Ligand code: PFF
């Protein structure tokens, strides 16, 4: 067993750490803009369905695999395939996770770097009494500068590496205990503020919750599923890696439910903050990745105490991003430090450095490489995002659910889920055998046929 990262000291810490992994840029930055680009209500309903029907069973499956294997995802899959007399090829799940992790960490760090930069800008008071035109041009100028994006990408990646190098127990555990409740508190505060002051709160809610059939397309469902995987950190072994440090006596199913509910609440609350502000200031909900970096600073800049609240908000976004980034690199770091006899710190530096190099492509795709397309019509950044979230994570999800549903030794499964009543265990297995993989497959097939 890989002990270099230690164990979570309680179930609560595991839930907070996994929620820290789940709650991140995916909720506060990506969810609102992808929802905006995909017509609002239809997207949100498809997303919630994907979380409930596909996401939760797979989250339980990942935690089971992690805790039963008690190693990095690659080694856990090797061990469990052997103990279940299954083909050793199932370790592909772990390898795909490492690749997806590199891709996600690379662009994640670029965007988290934006949050870090905006934290400083907020503190400097650059947004005080700003109007929407100025907020937009400030953002355009910022992402137009390769030097600045690379600088902040480097800064964020360095922070991540410093923490991952120290191991999960020492740095992360303490941080999530304070940061997660703090983030939650501020989000609620801001929702009240948006409701009270924007004058467009209901319009924002309407945009998120009333489905408009004319916006319905196979693509929306496909993207909703990718978002569900991304936001719950599923399909790439991050939750599996965290599950490996979960004490034996803790309940898995109830933990997964708590993590899923917390994550969903944060995404919806973020939408409830951002959309009313968007409508109040005549911004476009479909403004793309810049949505959070234009609408929120604009709002903060024009509210009482906005400089402080805005700084606090971007500080918390940064921390939410850090607690996620750490988990994205955990499968690769855990594997390197257990197999290759590299120290935990050396593994963390190496993984972080490789992801940093890949991230340069994303940083440059907002400026000097913005004409360059890797996939048709997609910049380097868009390609990384699409390939990881919409292809690798769902495909990883199919394999994880098939393995746990069909191949994992039944005794291992039931001993990990001993607290679960038998009807629930049976429904879980049914879901992992048919519903989750079938659903993912159908959504992918629909997209490629349409
Ligand atoms: N769940 C994170 C977010 O919503 O920002 C992103 C993420 C973390 C994706 C960990 C994948 C992962 F393994």
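Values in this text are rule-based calculations from the coordinates and carry no lab data. Predicted model only: the values in this text are computed from it and were never measured. Cβ: placed from backbone, ideal geometry, glycine included. Neighbour counts: every protein chain shown.
Between residue 209 and residue 430, the FRET efficiency from the beta-carbon distance, with R0 = 51 Å, is close to 0.95. Each listed q (0.17, 0.18, 0.20, 0.31 Å⁻¹) maps to a log10 I(q)/I(0) for segment 66-119 from the Debye sum over equal C-alpha point scatterers, namely -0.60, -0.63, -0.69, -1.07.
At full extension, residue 124 and residue 196 could sit 23.3 nm farther apart than now, given 0.36 nm per residue minus the alpha carbon distance.
Relative to the current alpha-carbon distance between residue 409 and residue 357, full extension at 0.36 nm per residue lengthens the span by 14.7 nm. The C-alpha atoms of segment 215-278 occupy a region whose extents along the principal axes are 45, 26, 16 Å, arranged from largest to smallest.
Taking the three principal axes of the alpha carbon atoms in the chain, the coordinate ranges are 64, 49, 42 Å, sorted in descending order. Summary of packing: across the peptides 26-34, 438-446, the per-residue average of other C-beta atoms within 10 Å ranks them, highest first, as 26-34, 438-446. P(r) tail for segment 217-353, what percent of Cα pairs lie past 20 Å? Percent of Cα pairs beyond 20 Å in segment 217-353: 62. Placing pseudo-labels 7 Å out from each Cα toward the beta carbon at residue 261 and residue 217 gives an inter-label distance of 3.6 nm.
Between segment 51-108 and segment 310-372, the alpha-carbon centres lie 19 Å apart.
With both labels modelled 7 Å from their Cα along Cα-to-Cβ, the residue 248 to residue 85 distance reads 2.5 nm. Here segment 34-168 has an Rg and Dmax of 20.9, 65 Å, counting Cα atoms alone. One chain, two ends: residue 154 and residue 350. Fully extended at 0.36 nm per residue, the span grows by 69.2 nm beyond their Cα-Cα distance. Each semi-axis of the equivalent ellipsoid for segment 281-343 is √(5λ) with λ an eigenvalue of the Cα gyration tensor; in descending order they amount to 38, 15, 5 Å. If R0 is 60 Å, what FRET efficiency do you get for residue 92 and residue 303 from their C-beta distance, rounded to 0.05? Step by step, r from the Cβ atoms, then E = 0.75.
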